[in-house]
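Visitor: Below you will find the structure I want to go over with you.
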Amino acid sequence: MSTKGALRQSLLTARRAANADTPDASQCEALLALPEIAAATVVAAYAALPGEPDPGPALAILQRRGVCVLLPVTLPGRDLEFRDAAGTLVELGAADVVVVPALACDRRGQRLGRGGGSYDRALPRRRDNALAIALVHVEELLDAVPVEDHDVRVDAVLAGAELVRVTS
């Protein structure tokens, strides 16, 4: 098993053991407090899988504020397209902020996903000035994650309520 594969298994095992499916209120508050989120008219995000940090409560608040929230649909080949609440296809380039899931991240903005490469395919389609931010649990902010050439970095990591901004 590769280094990435072994780390993924370890992180998934820890998530199952933690059985933490309650949204982290402090993480949602921290996400909503970001200036990029406050100014956003379109936010792309995700529906949390079991054990993942859940942006759902923050997304519901954004929708009540009139922000268009986009959620991904996985295509054959594991690429993603994004749709609004009405099911209308919207280009990821329309998003001001892209909130992505991760199993772990480091302070350089490298993220470890589930291994399908979906977000590595999608993130290059965001606007240059759109913030890409990964949500992880506090213990999933690591000193380093294994990286390959195709891996796409994020601009920020929200580990619990701790925000790490990445500089290039």
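Visitor: Rolling a 1.4 Å sphere over the protein heavy atoms, what is the accessible area per residue of the chain, to the nearest Å²?
Guide: Numbers: 8260 Å² over 168 residues.
That works out to 49 Å² per residue.
Visitor: Continuing with the same structure: What's the extension gain from A38 to E139 if we count 0.36 nm per residue and subtract their Cα-Cα distance?
Guide: 33.7 nm
Visitor: Residues with beta-carbon under 11 Å from that of D79, excluding D79: net charge, scoring Lys, Arg +1 and Asp, Glu -1?
Guide: Around D79, the surrounding residues sum to +1.
Visitor: For R107 paired with D84, estimate the spin-label separation in nm (one decimal), with each label point 7 Å from Cα along the Cα-to-Cβ line.
Guide: 4.0
Visitor: A further question follows. Taking a label point 7 Å from the Cα of E29 along the Cα→Cβ vector, which residues of the stretch 132-160 have an amide N closer than 15 Å to it?
Guide: 160
Visitor: What is the distance in Å between the Cα centres of the stretch 12-61 and the stretch 118-168?
Guide: 14
Visitor: To continue, here is another question. Under the rule of -39500 (n - 2.57) per DSSP H run of 4 or more residues, summed and divided by the residues of the chain, what mean residue ellipticity at 222 nm is obtained, to the nearest 500 deg cm²/dmol?
Guide: Value at 222 nm, helices only, nearest 500: -7500 deg cm²/dmol.
Visitor: Moving on to the next point. Which shape class applies to the stretch 47-88: rounded if a/c is under 1.5, otherwise prolate when a/b exceeds b/c and oblate if not, where a ≥ b ≥ c are the square roots of the Cα gyration tensor eigenvalues? The partial results should precede the final answer.
Guide: Numbers: a/c = 3.64, a/b = 1.29, b/c = 2.83.
Note, shape of the stretch 47-88 comes out oblate.
Visitor: Going highest first, how would you order 77-89, 109-121 by mean Cβ packing within 10 Å?
Guide: 109-121, 77-89
Visitor: How much solvent-accessible surface does S2 expose, in Å² to the nearest 10, with a 1.4 Å probe and all protein chains in place?
Guide: Rounded to the nearest 10, that gives 70 Å².
Visitor: Out of the total accessible area of the chain (probe 1.4 Å, heavy atoms of protein only), what percent is carbon and sulfur?
Guide: C and S fraction of accessible area: 53 percent.
The values are calculated or read from the model by the stated rules, or taken from the named source; none is laboratory data. Fair warning: this is a prediction, and the values are worked out from it, not measured in the lab. Quick reminder, even Gly has a Cβ in these numbers, built from the backbone with ideal geometry, and neighbours come from all protein chains shown. We work out accessible area using only protein heavy atoms, side chains counted, and drop any ligands, DNA or RNA first. Shrake-Rupley method; radii C 1.70, N 1.55, O 1.52, S 1.80 Å.
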